[in-house]
1. For segment A:194-204, how many residues are open to solvent by less than 70 Å² (accessible area, probe 1.4 Å) and in contact (Cβ under 8 Å) with a residue 60 or more places away in the chain?
2. Could you check, for segment B:144-152, whether at least one of its residues is open to solvent by 10 Å² or more (accessible area, probe 1.4 Å), within 14 Å of chain A (Cβ to nearest Cβ), away from ligand 2 (no atom under 16 Å from the Cβ) and in contact with a strand residue (DSSP E or B) (Cβ under 7 Å, 6 or more places away or on another chain)?
3. Given the criterion out of contact with any Cys (no Cβ under 9 Å at 6 or more places or on another chain), within 14 Å of another protein chain (Cβ to nearest Cβ) and among the β-branched types (Val, Ile, Thr), identify the matching residue among B:118, B:126, B:107.
4. What number goes with the only condition from (1) open to solvent by 50 Å² or more (accessible area, probe 1.4 Å); (2) touching a strand residue (DSSP E or B) at 6+ places or on another chain (Cβ under 9 Å) that residue A:67 does not pass?
5. Residues that are at pLDDT 95 or above, at least 3 per element: which helices (runs of 4 or more DSSP H) completely within segment B:123-229 meet that?
6. Output the number of the condition that residue B:84 fails; it satisfies all remaining conditions of (1) surrounded by 21 or more Cβ atoms within 10 Å (Cβ to Cβ); (2) away from chain A (no Cβ under 14 Å); (3) in contact with an Asp or Glu (Cβ under 8 Å, 6 or more places away or on another chain).
7. Taking residue B:58 as the residue in question, decide whether it is buried (at least 21 other Cβ atoms within 10 Å of the Cβ), more than 9 Å from chain A (Cβ to nearest Cβ) and either within 16 Å of ligand 1 (Cβ to nearest atom) or at pLDDT 95 or above (or both).
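The values are calculated or read from the model by the stated rules, or taken from the named source; none is laboratory data. Nothing here was measured: the structure is a model prediction, and the numbers come from that model. Positions of Cβ are backbone-derived with ideal geometry, glycine not excepted, and every protein chain shown enters the neighbour counts. Accessible surface areas use protein heavy atoms only, side chains included; no ligands, DNA or RNA. Shrake-Rupley method; radii C 1.70, N 1.55, O 1.52, S 1.80 Å.
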Amino acid sequence: MMFVWREAFAGLRRNLTMSIAMVITTAISLGLLGAGLLAVRTIDRTEDLYYSLIAVQVALDEPTSADDRDCSSPVCTGLRGELEANPLVASVEYESRDDAFARFQRIYAGQSILQLVRPQSLPATLRVTMADPLRGEEIVTQYTGRPGVRNVVDQRSTVADLFSFLGSVRNATFGLAVVQALAALLLISNTIQLSAFTRRTEVGIMRLVGASRWYTQVPFLIEAVVTGVVGAVLATGGLVLGKIFFLDRLMSGRLLANTIPPIGMSDVLGYVGPVLVVVGAVIATATGYVTLRLYVRT
Amino acid sequence: MIRLENVSKVYPTSARPALDDVSVEVERGEFAFLIGPSGSGKSTLLRLLIREDVPSSGTVWVANWNVGGLAGRRVPRLRQRMGCVFQDFRLLPNKTVAENVAFALEVIGKPRHTIRTVVPEVLDLVNLAGKADRMPSELSGGEAQRVAIARAFVNRPLVLLADEPTGNLDPETSAGIMTLLERINRTGTTVVMATHDRQIVDSMRRRVVELSAGRLARDDNRGVYGVAR
Ligand SMILES: Nc1ncnc2c1ncn2[C@@H]1O[C@H](COP(=O)(O)OP(=O)(O)O)[C@@H](O)[C@H]1O
Ligand SMILES: [Mg+2]
């Protein structure tokens, strides 16, 4: 068994530039794949987070907002009763202008936007939690323009923009990952062929002495697997650095701080890292095997 | 040990057969010369024996193997029981003398401690005990050939095939190689040696199988190279 390892590392050293190119391309491809996986995970979490909070907000007009502290006016009770009877609706909560202002102060504590907002600019709202969050639009059409209603907003459609943004980030990274993976596969295949070609005399002698095809080819396979695993480790390292120096700074900024759940170190090292190592090793092995089967006839 | 039954070999690139209906048998423990001018088919015959190629027709037997019909994955087993020596030595260039010999044992999965004791013994047998750590490029032709013989012999093959093993060597060195092959033959190993070296054949007085243009021309039990035809 020592023999095959020695041969594999000798092979990697012999074509050092090719080996480096192979590792880098593999690392980039796996890094992109990893970024895509992290994006998917973030999207899932963001959706969980938002869907539990999400509601259809029926904002009431100025007279009601100004006077009604507990939804006791006929307009408000009427709307509320009707909404509660609607099968699409799970529950309805009233938030008065004062409640709204208090919540606003909580969320934006210490931020300059607080100075700009007066209670008068916030409406009282009926927060409608949907039985099926995806059908908020139906409430929007039914209640827009009704007496006493200022406007109806489905929060989901606001958040949808964020989701579609995250979704396209994910798709773009996966797309790039696939292209890079293709380059990595070709490079691995090519390097193995080159490696086998440089060693054809040697392999021929080994076969004469009675070495099996498997015995002479395992070193090439190991070369490929080592490339895949080293690439995966580099990719994981890259993701860790990207998280520390890019994502963490971005997320700690005002804009995104409370918008997107952060990516933890455990997501990178405990989930994406192992996935990349396995994917890298499996793909490299498969490429190596197919190459040896199809192109290496010694 | 070795039996060819009406063996012919036609290479796709040439019209004339390299071997033409050859039938010959070599007994266990025999020492046989395979002679004939260049191009007469000696190497082709040896290549058929180790399944480097398959006959176009006829059957090649080595021990109990029908060599031509052997499945690809069984070929290594056949070769592990045969030793081969060539004019150009065919040593692994980036392995030392000892590693080259050890390789033949590694391939058949011999344990490390066995390899450690057997390799020096064999190197001793071929008088290369002091050069175990040399690289092939640091050896003379005669030394390289003795390493090749050590590698061919180290796992006690049934048959040792030698294709012009003295072709690149001066007469004195060749004589040393012949002494070695004789000694190996005395351990019971069947030896078949292709050569066109008249002096060697004449001095050994062993069995001589002569090929001429792919046909069996002569088979003498204690022959010399150039009998009158
Ligand atoms: N691989 C090959 N392809 C085509 N023709 C070959 C090949 N090997 C040998 N020959 C031909 O077969 C004949 C016998 O060659 P060979 O067995 O090498 O003879 P010898 O070893 O006696 O010199 C020659 O005519 C040679 O040109
Ligand atoms: Mg020849």
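1. Going residue by residue through segment A:194-204, those that are open to solvent by less than 70 Å² (accessible area, probe 1.4 Å) are A:195-196, A:199, A:202-204.
Add one more test, that the residue is in contact (Cβ under 8 Å) with a residue 60 or more places away in the chain, and what stays is A:195-196, A:199, A:203-204.
The qualifying residues number 5.
2. Kept after step one, since they are open to solvent by 10 Å² or more (accessible area, probe 1.4 Å), are these residues of segment B:144-152: B:146, B:151.
Checking the rest, the ones that are also within 14 Å of chain A (Cβ to nearest Cβ) come to B:151.
Filter once more, so that each one left must be away from ligand 2 (no atom under 16 Å from the Cβ): B:151.
This time we only want the ones that are in contact with a strand residue (DSSP E or B) (Cβ under 7 Å, 6 or more places away or on another chain), so: none.
No: segment B:144-152 contains no residue that is open to solvent by 10 Å² or more (accessible area, probe 1.4 Å), within 14 Å of chain A (Cβ to nearest Cβ), away from ligand 2 (no atom under 16 Å from the Cβ) and in contact with a strand residue (DSSP E or B) (Cβ under 7 Å, 6 or more places away or on another chain).
3. Numbers: B:118 fails: within 14 Å of another protein chain (Cβ to nearest Cβ); B:126 fails: within 14 Å of another protein chain (Cβ to nearest Cβ).
Answer to the check: B:107.
4. In the conditions (1) open to solvent by 50 Å² or more (accessible area, probe 1.4 Å); (2) touching a strand residue (DSSP E or B) at 6+ places or on another chain (Cβ under 9 Å), residue A:67 misses (2) alone.
5. Details: elements: B:141-153, B:171-186, B:198-204.
Filter on segment B:123-229 gives B:141-153, B:171-186.
6. It fails just one condition, (2).
7. Working: buried (at least 21 other Cβ atoms within 10 Å of the Cβ): no; more than 9 Å from chain A (Cβ to nearest Cβ): yes; either within 16 Å of ligand 1 (Cβ to nearest atom) or at pLDDT 95 or above (or both): yes.
Answer is no for this residue.
Yes or no, residue by residue, for (1) away from ligand 2 (no atom under 16 Å from the Cβ); (2) closer than 22 Å to residue B:162 by Cβ:
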{"site": "B:10", "(1), (2)": "yes, no"}
{"site": "B:20", "(1), (2)": "yes, no"}
{"site": "B:29", "(1), (2)": "yes, yes"}
{"site": "B:45", "(1), (2)": "no, yes"}
{"site": "B:49", "(1), (2)": "no, yes"}
{"site": "B:53", "(1), (2)": "no, yes"}
{"site": "B:59", "(1), (2)": "yes, no"}
{"site": "B:78", "(1), (2)": "yes, yes"}
